[in-house]
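S.K.: The following block contains the structure, expressed as structure tokens.
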Amino acid sequence: MNKGQLIEKIAENAGISKSNAGAVLNTLIGAITKAIKKDGKISLAGFGSFVKIKRNARKGRNPRTGEAIKIKSSTSVRFKGSKSLKEAL
């Protein structure tokens, strides 16, 4: 499912227009992003949690040439599903 399909499903289930559903989804994504950026973690009961992680710089290999390369440190987000989400799947 992509973002457009999710917006359609939200609009259908909530009985609202697609533009309103899109605004709600964009607001939700923005709020989650800000919370992760500020606090480093957000937990949604019954769904799961998003955690900001720091990846250290490391050495890697170019798969095409086999040449050694340096991979810069980076920040990423990890999602862990809740127990109820895992059971539903």
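Taken together, the values in this text are just the output of simple stated rules run on the coordinates, not laboratory data. Every value quoted in this text rests on a predicted model; they were computed, and no experiment measured them. Note that each Cβ is placed from the backbone with ideal geometry, even for glycine, and that neighbours are counted across all protein chains shown.
S.K.: Consider the stretch 1-15. How many of its residues are among the aliphatic types (A, V, I, L, M) and surrounded by fewer than 14 Cβ atoms within 10 Å (Cβ to Cβ)?
M.R.: Residues flagged as among the aliphatic types (A, V, I, L, M) and surrounded by fewer than 14 Cβ atoms within 10 Å (Cβ to Cβ) within the stretch 1-15 amount to 3.
S.K.: Can you tell me which residues in the stretch 22-43 are in contact with a strand residue (DSSP E or B) (Cβ under 8 Å, 6 or more places away or on another chain) and either within 19 Å of Ile10 (Cα to Cα) or of a type in the set (Val, Ile, Thr) (or both)?
M.R.: Selection gives Ile32, Ile36, Ile42.
S.K.: For the stretch 47-85, how many residues are of a type in the set (D, E, K, R) and within 22 Å of Ile29 (Cα to Cα)?
M.R.: So the count comes out to 4.
S.K.: Counting only residues that are loosely packed, with under 13 Cβ neighbours inside 10 Å, assigned to a strand (DSSP E or B) and not aliphatic (A, V, I, L, M), how many does the stretch 44-65 have?
M.R.: 6
S.K.: A further question follows. Does Gly4 count as in a helix (DSSP H, G or I) and either free of Cβ contacts under 8 Å to residues at least 12 places away in the same chain or of a type outside the set (S, T, N, Q) (or both)?
M.R.: Criteria met by Gly4.
S.K.: Does the stretch 20-30 include one or more residues that are part of a helix (DSSP H, G or I), among the hydroxyl-bearing types (Ser, Thr, Tyr) and surrounded by 10 or more Cβ atoms within 10 Å (Cβ to Cβ)?
M.R.: Taking every residue of the stretch 20-30 in turn, at least one turns out to be part of a helix (DSSP H, G or I), among the hydroxyl-bearing types (Ser, Thr, Tyr) and surrounded by 10 or more Cβ atoms within 10 Å (Cβ to Cβ).
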